[in-house]
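First the structure, in the form of structure tokens, and then the observations on it.
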Ligand code: MIG
């Protein structure tokens, strides 16, 4: 059951798709205080209460104990002290001895989440603008509450099936020959690969929807050749449009007034990679239509996937902010600087990026009303992604396209996935990657993953290998790194065979992972869940921060510590441990519920299958189109016969049918042996362990 309560004049964010009448009267569970234009919702916390939620944000799955702020920020240092990164996903789930409910704060501006920070026994959520719709979601379990919530916000984005393949990316890939070489290095070594990303250097002078014709003399042909090799090109699109006379996107945007404007009616100018740039007002439908249609220029070359970047929007500086900094500098120029003024001088320049002053300098038009940017800041990236999706559907309504964005807001989960932004090549960021996965899933973002190997800083061979072992399970499996850092394609390392073998596990699991993903997407379910969702009565399980449930049958527990040769793992129930070295080389260990130290050499990775469940494994392949889903090996620990359902489709269809796409596999256990039957499938049951 969901109830809605409005405060102030909420702006329609597009997050919610189900019409629900707002009620008067007190919001259940919370004390409400309206003061100086802000609204604060306060709830007291029992000692054992857990708070899940907040989608993409730092710290653990249990968010309790810290301070967070909904404010989409281009921040490339995801350290524990950060209150905000790129997204605002204002969902909280309260779970404890006397609490079980969810609450969603539908507010496009800044929202502060003090979750037991100021006082350990109190959570206080403050809408800084005071215009917010609060949705309180009741249900009989965490899973049921999330499903209700997902019904409220609409079905998750469906990527094409090829997007479950491995993607290689790097900021710095420049040209057709260079990208071909990257692909060749993979293919020559039989390292699986399905796509390569094109970062900003493919563009002509960083102009959106253009490409440098010297570096890409025949993009269509290049794409064709890549497609023949089962590779997709995935170009980046930035939010800012370069200010340049004669650049048609700029000229047309100016002429039609499509860019966000300052109070004086002049378009706002901010500096990003193209230099001075304009920012499309994605909150307007006509602007979305115009911008969305431009993706067609690349789709005309055969492109089937994109990533949207810099859409918080990131601003390196504006004409105004840089002028203000110079004013400070001018004033201090002839002074005998002391410590305070010297720091003031430095701060003046550092403060020009992503500044609140800039976010207050420009305006959007929302349904004919003019709204200052900071009031709707957190919608900008979401509406850019929406523009892309709407463009894709006008271009070809019968096909799924790949889209993942950096900034997001709930609602954007219907239009694309997200990647987790500029992480670093730090061990701690493998864990952070893991912890964000279920939190993002709660908010509807199912297609997600982090930059494997780490974006910033220099990676190491062992870090990349361990990170790939987690990436095997994330729907978006992309190796990406920043310009200037150590090159980190799998083939750069002495032990590249280990990387290849780990990637073979991903491809063997594609039929299963795709099936679980699609089932979750089509039933408003979660692909990744904290253990608390499945074992709510087991307090140890509820507090596990480094293992997550995957689909209906599995648990993952990656090794994420430097030099570790294993890890501690908690099994809330009996499970079969699969220790993979490659798709074909693995061993199986039935393990009863409890605490274990599991040995895991650097080239080994675990997967846990719940007792009584079965998962399929395909033969290894080097690209998703080569995965043979009709010939499967079954893995599991069984005492009695079971029936599992596996979903599959053509990988493109935009109206998938859960029933039609499902195949039942019946695994029959007789004595010490098992046999399996499923229509149109060749099944091998050798790797089923029959219980005592
Ligand atoms: O200011 O396009 O998060 O993935 O490689 C950096 C260059 C801009 C940030 C993205 C990152 C991408 C980079 N971009």
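Every number in this text was worked out from the coordinates using simple rules, so none of it is lab data. Since the model is a prediction, treat every value here as computed from it, not as a measurement. Neighbour counts run over all protein chains shown; Cβ positions are idealised from the backbone, glycine included.
Observations, loosely collected:
- Listing 171, 419, 597 from fewest to most neighbouring C-beta atoms within 10 Å gives 597, 171, 419.
- Order of 625, 185, 304 under a 10 Å beta carbon neighbour criterion, fewest first: 625, 185, 304
- When the stretch 464-554 is reduced to its Cα atoms, the Kirkwood hydrodynamic radius in Å: 15.2
- In plain terms, the bigger the Kirkwood radius, the slower the diffusion; for the stretch 129-190, with that radius from Cα pairs, at 10 °C and 1.306 mPa s, Stokes-Einstein puts D at 95 µm²/s.
- Degrees between helix 319-333 axis and first principal axis of the chain (Cα, 0 to 90, nearest 10): 60
- Considering only the stretch 105-255, percent of DSSP beta bridges that pair antiparallel, nearest 5: 55
- Evaluating kT/(6 pi eta Rh) at 10 °C and 1.306 mPa s, with the Kirkwood radius of the chain over Cα pairs in the Stokes-Einstein relation, gives 61 µm² s⁻¹.
- Fewest-first ranking of 145, 410, 51, using other Cβ atoms within 10 Å as the exposure measure: 51, 145, 410
- Antiparallel DSSP beta bridges within the stretch 222-323, as percent of all bridges there, nearest 5: 75
- Dividing the Cα radius of gyration of the stretch 559-688 by 2.2 N^0.38 Å, with N the residue count, gives 1.19.
- Contact order normalised by residue count of the stretch 6-98, Cα under 8 Å, 6+ apart, percent: 24
- Degrees between helix 496-522 axis and first principal axis of the chain (Cα, 0 to 90, nearest 10): 80
- Relative contact order (percent, whole number), the chain, Cα cutoff 8 Å, 6+ residue spacing: 13
- Mean separation of Cα contacts under 8 Å, 6 or more apart, over the residue count of the stretch 158-257: relative contact order %: 26
- Nearest 10 degrees, 0 to 90: helix 380-395 Cα axis against the chain principal axis: 70
- One decimal place: the segment residue 251-residue 181 gains 21.6 nm when fully extended, by the rule 0.36 nm per residue minus the C-alpha distance.
- Of all DSSP beta bridges confined to the chain, the antiparallel ones make up roughly 75%.
- With bins 10 Å wide beginning at 0, the percent of Cα pairs of the stretch 33-153 falling in each bin runs 14, 45, 36, 5.
- Cα pair count fraction exceeding 24 Å, expressed as % - the stretch 253-400: 43
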